[in-house]
Amino acid sequence: MEAESSAAGAAAGAAAAAADEGFTVAPLEVVYCGVCSLPPEYCEFGATVKKCTDWLESNHPRLHQNLYSSEALESKMGTMSLEAQQKAEKDLAKKQQKEELRQEREAAKKKSSVIIIKRVERTKRKYVTVVSGIEAFELVYKTVAKEFGKKFACGSSVTKNAAGGEEITVQGDLSDEILEELVDKYGIEEDNIRQVEESKKKGGGG
Amino acid sequence: MFKKPVSSSGKTKIKSSVQRNIRQKICEQFPLLEPVIDDVLPKKAQLDLIKAPEKISLYALDNQVLFFQHHNDAIMPHLRVVHKYPQCFPTVQVDRGAIRFILGGAQLMCPGLTSPGAKLPPPEGNLPEGTVVAINAEGKEHACMIGVLKMSTEDIKKLNKGNGVENCHYLGDGLWKMDSE
Ligand SMILES: [Zn+2]
């Protein structure tokens, strides 16, 4: 498919002709940006252009060349008026700056956040492991709970704690295994994980 | 429709009789899709229904949403489907200036469809009000929005003001992000 896309009429004609002749139209394989998930030609409108461009350059160098060569950059403004271009650029710069600040804040927050893995004794020698604090690392409780369940082949569910926040309760004594999984699979620094123990008093039914 | 992230309350399997009806409705709405409908929606595949808030139904295959529908209105394709089969959907083009507004979820105004960078079908290819259209953009290869015409394409040219296309689904919205997570 050419960069000049919109020959919708002609393309529609081709599809109709294909239908008449009884053969089918092959689906287009579209590359999506590994950073912002849009087709790379739309990355320029997002707040992560820099990261998007780097990703494209290392993963799809030819596409990167097509989109970001100096000729491509020159011609892409198309029919837009200079005034409209300037306004759009200004707005985008603002958006990107905001996003950068947001990411900085988030990084700082991550550094100071802790995931707590708590081993809780349910009955004599029966334990559950409760994991909390993963939201600071952009992890989703429901998803991670499911993945723990699969990984450790055990019951794993999202529960509410006393403060109304979420946590994952895994059936079994898996404190070390979960720590390892958080580090290996989710890329969390070990410094940001704390293992604690909470044993219930004997006889204190729970 | 999907400015916010989509929260779904689980999925249910769609009965094969209902699935047939959906297929048929899709083919009626998008005749150009009929030649490839078996690739898009294989006859034997199990289609799932995912209910989203505000009476929106999502039709999914292997956890990927392919079509969606508000109540009993027209069925609309997910942008990913349009990207694969661009020639199978009625298409109009906006100018470059309109792209950033679309990606912000704004409604599509007529001037963005009539300026020099935009493209509408010729008079003999007039698309009536209510048609589900894919929106391409000046200088871009892939569609960035799915919408419903609020007036015929000839009226858009004539009136050239107001809301021309209702923005139902756009790149980066809640529906788009739903299964890339
Ligand atoms: Zn991107």
Restricting the calculation to Cα positions, tell me the Rg (one decimal) and the Dmax (whole number) of the protein assembly as shown in Å.
24.9, 84
For segment A:40-110, compute Rh as the Kirkwood radius over C-alpha pairs and then the Stokes-Einstein diffusion coefficient at 37 °C and 0.692 mPa s; write the answer in µm²/s, rounded to an integer.
241
Between A and B, buried accessible area summed over both sides at probe 1.4 Å, in Å² to the nearest 100?
3000
Between segment B:9-40 and segment A:83-141, what is the separation of their alpha carbon centroids in Å?
39
List, in the order given, every pair from A:LYS160/B:LYS4; A:LYS51/B:LYS11; A:LYS95/A:LYS146 whose Cα-Cα distance in the structure shown is over 30 Å.
A:LYS51/B:LYS11; A:LYS95/A:LYS146
Under the 7 Å Cα-to-Cβ spin-label approximation, A:VAL31 and A:VAL114 lie apart by a distance in nanometres of 4.5
A chain fully extended from A:THR79 to A:THR123 at 0.36 nm per residue, minus the present Cα-Cα distance, gains in nm 8.6 nm
Residues in segment B:112-134 that, when all protein chains are in place, have 40 Å² or more less accessible area than the chain alone would give (probe 1.4 Å)
B:LYS119
Looking only at lysines whose Cα falls under 23 Å of B:LYS161's and that sit 8 or more positions away or on another chain, we get A:LYS87, B:LYS119, B:LYS150
What does a probe at A:GLN97 reach in segment B:97-117, counting residues whose amide N is under 17 Å from the point 7 Å along Cα→Cβ?
none
Calculated over segment B:10-83: convex hull of Cα atoms, volume per residue (Å³)
87
Of the listed pairs A:LYS98/A:LYS142; B:LYS3/B:LYS55; A:LYS142/B:LYS177, which have alpha-carbon separations greater than 21 Å here?
A:LYS98/A:LYS142
Find out how many positive minus negative residues lie around A:GLU147, taking Lys and Arg as positive, Asp and Glu as negative, among other residues whose Cβ is under 11 Å from that of A:GLU147.
+4
For chain B, what are Rg and Dmax over the alpha carbons, in angstrom?
16.1, 48
Please give me, ordered by residue number, the GluC sites (Glu not before Pro) of segment A:19-92 that lie in loop per DSSP and have at most 13 other Cβ atoms within 10 Å.
A:GLU29
Please give the length that would be gained between B:LYS43 and B:GLU154 if that part of the chain were fully extended, namely 0.36 nm times their separation in residues minus their C-alpha to C-alpha distance (nm, one decimal).
36.2 nm
Rg and Dmax of segment A:113-198, Cα atoms, in Å?
11.7, 35
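The values are calculated or read from the model by the stated rules, or taken from the named source; none is laboratory data. The structure presented is a predicted model; accordingly, all values stated were derived computationally and were not measured. Cβ sites come from the backbone with ideal geometry, for glycine too, and all protein chains shown count toward neighbours. Just so you know, the surface numbers come from the protein's heavy atoms only, side chains and all, with ligands and any DNA or RNA stripped out. Shrake-Rupley method; radii C 1.70, N 1.55, O 1.52, S 1.80 Å.
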